[in-house]
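Undergrad: Once you've had a glance at the structure underneath, I'll fire off some questions.
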Amino acid sequence: MMAPSLPARIQAALEGTYGIPEAPSVEDFIRPIDASEDEGREVLFVREDEDGVSLLLHLPRAALESKNLPFDLLCQVVEGVSHFLCLAERARRELPVTQLELELQAEVDKYVLFVHGPLAARRFDPDRAARIRARLFEAVEYLHPPGTERGDRYRLANDLAARFAGRLEETFARRGHFDRMRRALRSFYAAGQSDKITLARAA
């Protein structure tokens, strides 16, 4: 029996964290891409018509065929699976979702998986968590400049996720309240964009 793929493991971890039922397998929607396509980066294509929503996830081929991935490639896989799962769950619940919400949730998902989930490879450690947060939210290179729609959206999502991640650590993780942290994460995941922003800015 073959071991689950990296996208499948990420999907299972996110489903367990947020209590997501009946999600389609992301593996059925992945198309590997080479460096010459779509700037060689993760892209989720969405088409909506009278028959429903169609999804296609482009992921770098190297991220699917290699075992020891650099941090950027690993982040792209997490982001792609996060976008896919969030869209699929909102479609199942017949709820809307915005691009900002997708980006914000993906940033939070990266933090959760790298610091508290299977990509952490160890129990919560405050010093390691601080290094991961700095790498995710401070040492960031944006593809789109400030003042552009996409550039401003990515920067806002990053700032909000950094605030929320910091709150999770200070309020829950450093005090060992991991059950309460999971409840907070599930509430955040279920919230719409305006409530997500309010929760993040309250941190």
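The values are calculated or read from the model by the stated rules, or taken from the named source; none is laboratory data. What you see is a predicted model; the values in this text were computed from it and never measured. Cβ sites come from the backbone with ideal geometry, for glycine too, and all protein chains shown count toward neighbours. Ligands, DNA and RNA are excluded from the accessible area calculation, which covers all protein heavy atoms including side chains. Shrake-Rupley method; radii C 1.70, N 1.55, O 1.52, S 1.80 Å.
Undergrad: Please enumerate the residues belonging to the range 68-100 that are of a type in the set (D, E) and open to solvent by 40 Å² or more (accessible area, probe 1.4 Å).
TA: Pass one, the range 68-100, residues of a type in the set (D, E): 72, 79, 89, 94.
Residues satisfying the conditions are D72, E94.
Listed here are the residues, each with its yes/no results for (1) outside any strand (DSSP E or B); (2) in contact (Cβ under 8 Å) with a residue 40 or more places away in the chain.
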{"site": "A35", "(1), (2)": "yes, no"}
{"site": "S54", "(1), (2)": "no, no"}
{"site": "A63", "(1), (2)": "yes, yes"}
{"site": "A88", "(1), (2)": "yes, yes"}
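Undergrad: Do we have L73 as under 22 Å from E141 (Cβ atoms), in contact with a strand residue (DSSP E or B) (Cβ under 7 Å, 6 or more places away or on another chain), in a helix (DSSP H, G or I) and not aromatic (F, W, Y) here?
TA: Judged against the criteria, L73 is a match.
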